[in-house]
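K.L.:
Submitted below is the structure of interest, expressed as structure tokens.
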Amino acid sequence: MKKISRRTFLKGLTVTGAAIAANPVFDMNKWARAQGGAPVKLIPSLCNGCSSHCGMWVHVKGDRVWKATGHADHPRSRGKLCARAHGSLSWLYDPNRVTVPLKRVADSFVPVSWEEAMTDVAARLKSILDTAGPSAVFYAHNPRQTGVFYGQRFMDAIGAPTVCTHNAACNTSLTRGFDETFGWTPGTDMGGAKYILCIGRNFGEGIRTSQATSLMAALARGTKVVCVDPRLSTTAAIASEWIPIRPGTDLALVLAMSNVLINEDLYDKEFIKNSAVGFEEFAAANKPFTPEWAAPLTDIPADTIRRMAREMANARPNCHIDPSWKGAFGTNYINSTQTARAVGLLNALLGNVGAPGGLTNFASIPFGSLSREKHPAPARPTIPRSDGVGVKGEFPLATSHGLPHVLAKKSMEGKVKAGIIWHFNPVRNFPDRKHMMDGYRKLDLLVVIDTHLRETGMVATHILPECTFLERGEVVEGYPGRRPVIATRVPAVPKLHPLTRSYPEIITDLANRLGLGRFFNFTLDEVNEARIAPLKVSLATLKERGSVILDAVEVPPVPPFTTASKKVDFFSKRLADNGFAPCPVWEPPLVEPDRKNPASFRLIHGKQGYHSHTATISIPHLLQISKDYDAERLWINADRARALGIKDGDTVVVTSKLASQKVGVKVTNRLHPEAAYLPAGYGTFSPFQPNANGYGISPNDFVPFLTEPLVGHAMMHEVVVEIRKV
Amino acid sequence: MTRKAIYKDTSLCVECHACRVACQMHNSLKPEHAYIKFLDVEDGKYPATTYSLARKSCHHCGKPACVAACPVKAIVKGKSELTYYDISKCIGCGACAAVCPYEVPEIIDSKAIRCTGCPDLVEANRSPACVDTCITNALKFGDRTAMLADAEKRVPLLKKGFPDAALYGRENHGGLGLLQVLRAKSVSFKLPA
């Protein structure tokens with residue numbers, strides 16, 4: 001058997017071997033001609049191009065997956081699919097898939113049998129559990145139902161509480177901010193809105209398909225859509241208005257808009273009286289934050305701030321500030337959690353909760369569960385988590401989505417020794433490459449389950465090859481709403497590589513080897529039958545249709561708040577008790593570019609509509625879009641570029657305390673002068689993605705390991721870089 | 001069959017490239033073979049910046065020069081009056097590229113890279129693959145008269161913010177089967193007036 005040297009990984013050399021699929025590059029044109037007349041079957045599935053999991057129909061021609069179309073009944077696709085959905089089909093036939101289990105031996109990966117891999121994984125895991133205890137073990141994934149069910153149950157079975165997701169590099173500030181305000185994170189009714197304010201939310205490039213459809217439908221109808229963003233994104237470009245803002249100061253804008261509503265008596269007094277607590281404290285704390293105060297901080301004129309507040313007041317309650325994802329108040333700044341709080345409260349001042357065009361929150365779908373008699377469930381462990389979540393003195397208010405970047409530190413400290421990671425790439429997608437690589441490499445056991453060998457796999461002890469989403473079923477997903485929907489995947493084709501396995505197969509096998517098989521004595525079909533039993537839909541129907549719309553549910557005029565007070569908390573006692581501002585007040589960003597240095601910028605990043613982080617970069621049809629438009633370039637404001645003698649298309653060196661890397665430049669008037677903008681999907685360094693390896697650079701190489709004090713997120717825009725022409 | 005047209009309202013397009021990749025999958029194309037590309041114009045100085053788009057793909061001319069020029073009849077005028085293209089017949093001679101007023105066809109791997117018109121879908125009364133997938137409904141498909149009416153309703157609304165907004169394709173080359181509402185002057189996209 002051919003060995004694959006781990007040293008060669010780090011040199012960035014291309015490596016080939018029996019471990020990676022020996023699948024010759026497929027000539028689509030030739031195949032299409034040969035298959036011209038073959039019958040086409042339509043199989044329902046859920047996309048895996050991002051974690052939205054849009055419903056799709058997979059068109060199978062002959063024995064091959066041909067194309068996909070959107071599923072009309074799925075609430076996230078509504079008959080449409082984005083570029084990533086179409087492109088992700090080619091994962092199935094990708095010659096760079098992992099097709100057999102791999103085990104690290106010294107500096108190499110060696111292909112091994114499943115028996116050898118699983119025996120070894122089980123023995124090492126048992127030994128770590130016996131010697132270091134379950135707190136030394138973590139599990140991390142992108143949280144969708146199959147992982148939430150099987151992964152959580154496995155962790156419960158071994159008594160380990162540390163389950164993590166990608167969210168600390170995505171949206172934990174908004175989750176905590178809204179939870180402290182309403183008790184939940186709202187959705188929105190774009191269809192009924194007269195005015196939609198997007199602060200950092202970019203529906204056209206951070207795509208959930210049906211949200212993009214809804215926003216543009218609103219725009220086409222004449223709804224006013226205002227985008228606050230340091231960058232003229234493709235969404236801001238077609239919005240009614242673009243309000244450029246100095247990065248990291250969104251909190252000041254939101255506080256000042258609230259100030260106008262209060263001072264000019266424009267807020268919804270009835271709603272505040274009936275449904276809120278702590279308004280007086282909030283109003284008192286808000287007094288200094290006038291539009292004139294916010295203008296120099298945000299670079300937005302005071303009159304514009306006042307006008308926006310008045311326009312929203314005129315439109316209330318049929319208007320909202322979008323709850324967003326990552327951009328302005330997800331995980332980018334030290335003030336993101338308080339910004340999310342302030343956005344929640346500004347919505348509340350507009351009295352829009354439950355109103356047409358306002359915020360929504362729907363009851364979860366009443367799924368069933370396996371019979372506890374036949375299928376005993378393990379108890380949820382009660383020992384503290386190992387990533388500091390919920391731990392006094394660490395991150396008591398962090399969310400249950402966990403802190404994968406803190407785990408790297410805990411590993412270096414010897415407190416965490418084993419991890420299981422499913423289809424998730426924290427080493428590349430959290431800041432500080434060395435911190436993440438060193439921490440995860442030091443683990444005694446790191447099992448990565450994935451279709452491809454990505455950066456996290458490079459430091460694993462074992463790689464377990466997964467079949468793609470087109471070759472497997474899934475635990476049924478649910479989408480609450482006025483008309484709730486349930487959906488699942490059906491295998492579109494048999495496994496292309498017979499030695500690949502699905503995640504439930506792998507976890508069940510591992511549980512059996514640890515003597516915990518009693519907690520996994522069921523099939524995936526049995527899980528799903530139990531899950532949908534109360535919903536009056538048969539599994540056969542669901543598998544035939546893929547997405548099924550359930551009966552309409554009654555929606556109360558105002559969804560019940562689930563905070564401690566059962567009202568909207570303008571004053572958060574919990575935040576106060578933990579030493580944080582109970583009412584949002586201004587907090588500056590952690591770092592600031594040096595205004596005296598013409599080469600100093602804040603490095604910000606965002607998504608492109610045809611990539612999902614670095615997961616899709618090696619998909620040939622999507623990578624080609626990047627190449628056709630040089631889309632990996634760093635954006636710099638035209639005036640700033642001129643002062644540095646930088647022209648469009650030049651190569652520059654970007655330098656932070658951590659790294660110095662070269663990249664091409666896009667010189668543009670679409671960006672705030674203080675920011676340098678990088679699209680976030682590039683900078684892959686796994687040699688097992690040879691077509692994408694080395695294409696573009698990643699912001700994560702420049703940002704140091706940081707933890708926001710309140711929820712511990714990675715503060716991914718808190719970095720200053722110098723940019724110089726090569 | 002009445003004359004059909006694809007209508008693109010560029011004021012709703014977010015440049016997500018779903019149309020391009022849906023087309024590539026439907027037509028089983030290599031990544032480098034893109035039948036749909038974008039043209040863009042950035043205008044104005046920060047912060048008074050605008051960014052506008054146009055589609056670069058076959059314009060489905062009413063009087064297509066390429067059909068007459070193609071020596072092997074790989075390009076034909078279809079029943080829908082869209083210009084259909086059969087890549088398997090193409091000999092890569094470049095005659096279509098030489099006469100196209102929009103410089104659309106590229107010759108890559110000895111084949112002309114240009115829209116097929118999706119005859120299999122269109123003649124079954126379905127939308128072309130690009131229109132079917134469009135996540136913002138910037139793309140619509142139907143009878144050309146209906147598409148023209150839709151487009152003409154949209155222009156005055158856009159003129160408020162974009163005085164140069166106009167419909168492109170009503171008369172050009174016998175009237176185009178790709179109608180676009182543009183926010184910037186067509187010449188700024190190098191589209192001939």
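K.L.:
Exactly one of (1) surrounded by 15 or more Cβ atoms within 10 Å (Cβ to Cβ); (2) more than 10 Å from chain B (Cβ to nearest Cβ); (3) under 22 Å from A:Tyr695 (Cα atoms) is unmet by A:Thr668. Its number?
P.N.:
Of everything listed in (1) surrounded by 15 or more Cβ atoms within 10 Å (Cβ to Cβ); (2) more than 10 Å from chain B (Cβ to nearest Cβ); (3) under 22 Å from A:Tyr695 (Cα atoms), A:Thr668 misses just condition (2).
K.L.:
Also, quick follow-up: Among helices (runs of 4 or more DSSP H) lying entirely in the range B:107-168, which contain 3 or more residues that are within 13 Å of chain A (Cβ to nearest Cβ) and surrounded by 17 or more Cβ atoms within 10 Å (Cβ to Cβ)? Before the answer, list the steps.
P.N.:
On the way: elements: B:119-122, B:129-133, B:144-159.
Filter on the range B:107-168 gives B:129-133, B:144-159.
K.L.:
Count, please, the residues in the range B:14-44 that happen to be part of a loop (DSSP other than H, G, I, E, B) and either more than 7 Å from chain A (Cβ to nearest Cβ) or among the small types (Gly, Ala, Ser) (or both). I'd like the intermediate steps shown before the answer.
P.N.:
First, the residues of the range B:14-44 that are part of a loop (DSSP other than H, G, I, E, B): B:14-17, B:27-36, B:44.
Checking the rest, the ones that are also either more than 7 Å from chain A (Cβ to nearest Cβ) or among the small types (Gly, Ala, Ser) (or both) come to B:27-28, B:33-36, B:44.
Result for the range B:14-44: 7.
K.L.:
Next question, about the same structure. Yes or no: A:Arg602 away from chain B (no Cβ under 14 Å), basic (Lys, Arg), crowded, with 17+ Cβ neighbours inside 10 Å and in contact (Cβ under 8 Å) with a residue 12 or more places away in the chain?
P.N.:
Working: away from chain B (no Cβ under 14 Å): yes; basic (Lys, Arg): yes; crowded, with 17+ Cβ neighbours inside 10 Å: yes; in contact (Cβ under 8 Å) with a residue 12 or more places away in the chain: yes.
Here the answer is yes, as A:Arg602 does meet what is asked.
K.L.:
Quick check: is even one residue across the range A:433-450 within 28 Å of A:Thr185 (Cα to Cα), in a helix (DSSP H, G or I) and out of contact with any Cys (no Cβ under 9 Å at 6 or more places or on another chain)? Talk me through it step by step, then tell me what you get.
P.N.:
Let us first name the residues in the range A:433-450 that are within 28 Å of A:Thr185 (Cα to Cα), namely none.
Scanning the range A:433-450, I find no residue that is within 28 Å of A:Thr185 (Cα to Cα), in a helix (DSSP H, G or I) and out of contact with any Cys (no Cβ under 9 Å at 6 or more places or on another chain), so the answer is no.
K.L.:
Now for a different question. In the range B:15-44, which residues are aliphatic (A, V, I, L, M), closer than 20 Å to A:His611 by Cα and over 16 Å from the mean Cα position of the chain (by Cα)?
P.N.:
B:Met25, B:Leu29, listed by residue number.
K.L.:
Here's a follow-up. If you go through the range B:1-12 one residue at a time, how many are more than 7 Å from chain A (Cβ to nearest Cβ) and crowded, with 20+ Cβ neighbours inside 10 Å?
P.N.:
Number of matching residues: 7.
K.L.:
Quick check on my filter: what residues within the range A:111-127 are surrounded by fewer than 19 Cβ atoms within 10 Å (Cβ to Cβ) and either within 14 Å of chain B (Cβ to nearest Cβ) or touching a residue at least 24 places away in the same chain (Cβ under 8 Å) (or both)? Write out each step before concluding.
P.N.:
Restricting attention to the range A:111-127, the residues satisfying the condition of being surrounded by fewer than 19 Cβ atoms within 10 Å (Cβ to Cβ) are A:113-116, A:119-120, A:122-124, A:126-127.
Listed by number, the residues that qualify are A:Trp114, A:Thr119, A:Asp120, A:Ala122, A:Arg124, A:Lys126.
K.L.:
Still on this model: Do we find that A:Ser173 is without any contact (Cβ under 8 Å) to a residue 12 or more places away in the chain and either within 30 Å of A:Pro317 (Cβ to Cβ) or surrounded by fewer than 21 Cβ atoms within 10 Å (Cβ to Cβ) (or both) in this structure?
P.N.:
So A:Ser173 does not fit the description; no.
K.L.:
May I pose another question? Kindly establish whether A:Gly248 is more than 14 Å from chain B (Cβ to nearest Cβ), assigned to a loop (DSSP other than H, G, I, E, B) and small (Gly, Ala, Ser).
P.N.:
Criteria met by A:Gly248.
K.L.:
What about A:Ile334, is it surrounded by 21 or more Cβ atoms within 10 Å (Cβ to Cβ) and touching a strand residue (DSSP E or B) at 6+ places or on another chain (Cβ under 9 Å)?
P.N.:
Judged against the criteria, A:Ile334 is not a match.
K.L.:
What tally of residues in the range A:87-110 results from selecting those that are over 23 Å from A:Tyr440 (Cβ atoms) and either more than 14 Å from chain B (Cβ to nearest Cβ) or out of contact with any Gly (no Cβ under 8 Å at 6 or more places or on another chain) (or both)?
P.N.:
8
K.L.:
Let me confirm something: among B:Ala65, B:Ala54, which residue is of a type in the set (A, V, I, L, M, F, W, C) and either more than 28 Å from A:Gln624 (Cβ to Cβ) or more than 14 Å from every other protein chain (Cβ to nearest Cβ) (or both)?
P.N.:
It is B:Ala65.
K.L.:
Moving to a separate point now. Assuming A:Thr614 fulfils every condition listed in (1) among the polar types (S, T, N, Q); (2) within 14 Å of chain B (Cβ to nearest Cβ); (3) under 26 Å from the mean Cα position of the chain (by Cα) apart from one, which condition is it?
P.N.:
(2)
K.L.:
Please verify whether B:Cys96 is within 9 Å of chain A (Cβ to nearest Cβ) and part of a helix (DSSP H, G or I), treating the condition exactly as stated.
P.N.:
Considered against the rule, which asks whether it is within 9 Å of chain A (Cβ to nearest Cβ) and part of a helix (DSSP H, G or I), B:Cys96 comes out as no.
K.L.:
Another question, then. Within the range A:229-240, is there a residue that is surrounded by fewer than 21 Cβ atoms within 10 Å (Cβ to Cβ), at negative phi and of a type in the set (A, V, I, L, M)?
P.N.:
No, the conditions are met nowhere in the range A:229-240.
K.L.:
For A:Thr213, work out the one condition from (1) more than 10 Å from chain B (Cβ to nearest Cβ); (2) at pLDDT 95 or above it doesn't fulfil.
P.N.:
It is condition (1) that A:Thr213 fails.
The values are calculated or read from the model by the stated rules, or taken from the named source; none is laboratory data. In this text, all values refer to a predicted model and were calculated from it rather than measured experimentally. Ideal geometry is used to build each Cβ from the backbone, glycine not excepted, and the neighbour counts take in all protein chains shown.
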